[in-house]
1. Could you list, in sequence order, all residues of the range 56-89 that are under 28 Å from VAL20 (Cβ atoms), of a type in the set (D, E, K, R) and in a helix (DSSP H, G or I)?
2. Do you know which residues across the range 16-37 are over 25 Å from LEU79 (Cα atoms) and of a type in the set (Asp, Glu)?
3. Identify, by number, the condition in (1) under 26 Å from ARG17 (Cα atoms); (2) part of a helix (DSSP H, G or I); (3) among the β-branched types (Val, Ile, Thr) that VAL35 doesn't meet.
4. Look at the range 68-89 and say how many of its residues are among the β-branched types (Val, Ile, Thr) and in contact (Cβ under 8 Å) with a residue 40 or more places away in the chain.
5. Restricting attention to the range 12-60, report how many residues are exposed (fewer than 12 other Cβ atoms within 10 Å of the Cβ) and in contact (Cβ under 8 Å) with a residue 40 or more places away in the chain.
6. Being on the phi < 0 side of the Ramachandran plot and at pLDDT below 95 narrows it down to one residue among LYS88, LYS69; which is it?
7. Return yes when LYS13 is in a helix (DSSP H, G or I) and under 30 Å from LEU79 (Cβ atoms) and no when it is not.
Amino acid sequence: MANTPSAKKATRKIARRTEVNKARRSRMRTFTRKVEEAIASGSAEAATAALSAAEPVIMRAAQKGIVHKNSASRKVSRLAHRVQALAKA
């Protein structure tokens, strides 16, 4: 357990940041899942709309340090390719 006042404060800060990060990570996963479900349903319009909503959420998570920037870009890229393939088919 933290003994010094600064260590106690640090644990409080960490707890607050953890809650915020959990919410952001959950939001990112929810938006990603909506894109996945739209792709699975076969609706190109719904998938495109879901992707355009999910992309800023994923990239914002990268900016805030929830996921790595390259990881977020890769996720968006792969979803975009799948949505594009669905639109062509």
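1. ARG60, LYS69, ARG74, LYS75, ARG78
2. GLU19
3. VAL35 satisfies all of (1) under 26 Å from ARG17 (Cα atoms); (2) part of a helix (DSSP H, G or I); (3) among the β-branched types (Val, Ile, Thr) except (1).
4. The number of residues fulfilling the criteria is 1.
5. 1
6. Numbers: LYS69 fails: at pLDDT below 95.
Criteria check complete, one pass: LYS88.
7. Taking the combined requirement at face value, the residue does not satisfy it.
The values are calculated or read from the model by the stated rules, or taken from the named source; none is laboratory data. From a predicted model like this one, the values you see are computed outputs, not experimental measurements. In this analysis, Cβ positions are derived from the backbone assuming ideal geometry, glycine residues included, and neighbour counts consider all displayed protein chains.
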